[in-house]
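See structure below.
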Amino acid sequence: IVDNKGRIVAVIAGQLHDPSYSAACMDAHDEIMQEGAAANFRKASSHRRGRFPAVNVGISYGKGQRVPLRLQNGALAAIVNRLVGSEALRIISRAPRLHRHYEEHLTALYGKLPQLRPNFPRSTFPCAAFNFGGSVWTFKHCDILNCPYGWCAITALGHFDHTRGAHLILWELKLFIQFPHAATTFIPSATLTHSNTPPAEGDSRTSFTQFLAGGILRWVDNGFHTEKEMAAQDPTAYAKMQKSKASWWDMGLGLLSMLDEILEPVV
């Protein structure tokens with residue numbers, strides 16, 4: 001998906017042309033269903049994104065934290081690493097400047113806090129969410145704490161007819177997209193308002209997402225400090241950082257690839 005400048009703002013990656021991948025994704029769906037049933041979710045079953053239980057794993061920063069912390073990892077990490085780690089890296093590599101921006105900040109983060117580690121060795125994203133319940137579809141929303149110019153990877157899983165339900169809606173772009181099992185899409189989830197239509201009655205759908213909290217980038221850019229700490233310890237650097245924020249949106253757009261950068265010339 002490109003904007004009127006030819007800038008790639010999202011990628012509908014679809015499915016890998018590999019029957020074993022689709023089968024492995026179905027195994028992941030079945031595993032998520034089993035884990036969800038065993039967890040006996042109650043309080044976490046309804047939130048602003050939808051009426052389904054969701055569990056985040058990985059590195060979190062926000063809500064008053066002084067430093068990024070690791071959320072408790074899930075039992076599904078091994079199977080999900082097989083499913084989406086290499087695919088996430090392959091797709092986000094279509095935006096090499098964005099990929100490099102992520103890698104530079106995360107390398108600095110892991111160097112400063114070596115107790116932190118990525119969820120999956122081959123994935124660019126430090127945090128992930130498992131969406132349980134068997135009838136997963138989201139309300140109209142933006143993920144406002146994610147990196148505003150970065151991409152979020154969303155993988156649909158389950159036994160459902162994607163022509164009858166579970167479509168992805170990108171509201172500002174007025175797009176209504178079929179989103180089948182084992183397909184992955186990459187969108188700027190903090191910027192584009194998005195939702196799903198409900199799966200058809202009797203269908204079973206879960207999903208898995210990977211993302212990067214914008215606060216992690218800010219903490220690294222602040223010299224591994226909160227803004228309050230930076231203001232107190234180095235007022236000059238803090239004032240410079242505040243002034244630079246006016247250009248961050250242009251900087252973020254500049255990290256995205258132009259369509260003609262990735263298309264091979266036609267001979």
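Please treat every number below as a calculation from the coordinates, not as lab data. It should be emphasised that the depicted structure is a prediction, and the values quoted were computed from it without experimental measurement. Cβ coordinates were reconstructed from backbone atoms using ideal geometry, including for glycine residues, and neighbour counts include every protein chain displayed.
A few comments on the model shown:
- For the range 102-227, the relative contact order is 36 percent, taking Cα pairs closer than 8 Å that sit 6 or more residues apart in sequence and dividing their mean separation by the residue count.
- Per-residue 3J(HN,Hα) values for the range 181-186, derived from phi via the Karplus relation 6.51 cos²θ - 1.76 cosθ + 1.60 with θ = phi - 60°, read 3, 6, 8, 10, 10, 10 Hz in sequence order (x marks Gly and Pro).
- Under a 5 Å amide H cut-off, with hydrogens placed 1.01 Å from N, N146 pairs with G214 among residues at least 5 apart or on other chains.
- In the structure shown, the pairs K140/K243; K140/K245; K5/K228; K5/K245; K112/K245 are assessed against 26 Å; a Cα-Cα span above that value is assigned to K140/K243; K140/K245; K5/K228.
- When the Cα positions of S189, T226, L263 are compared along the charge dipole of the range 117-267, T226 comes out farthest toward the positive end, with charges on each C-beta of Lys, Arg, Asp and Glu.
- Spacing of the modelled spin labels on M251 and L113, each 7 Å from Cα toward Cβ, amounts to 2.0 nm.
- Ordered by the count of other Cβ atoms within 10 Å of each Cβ, fewest first, R100, R205 give R100, R205.
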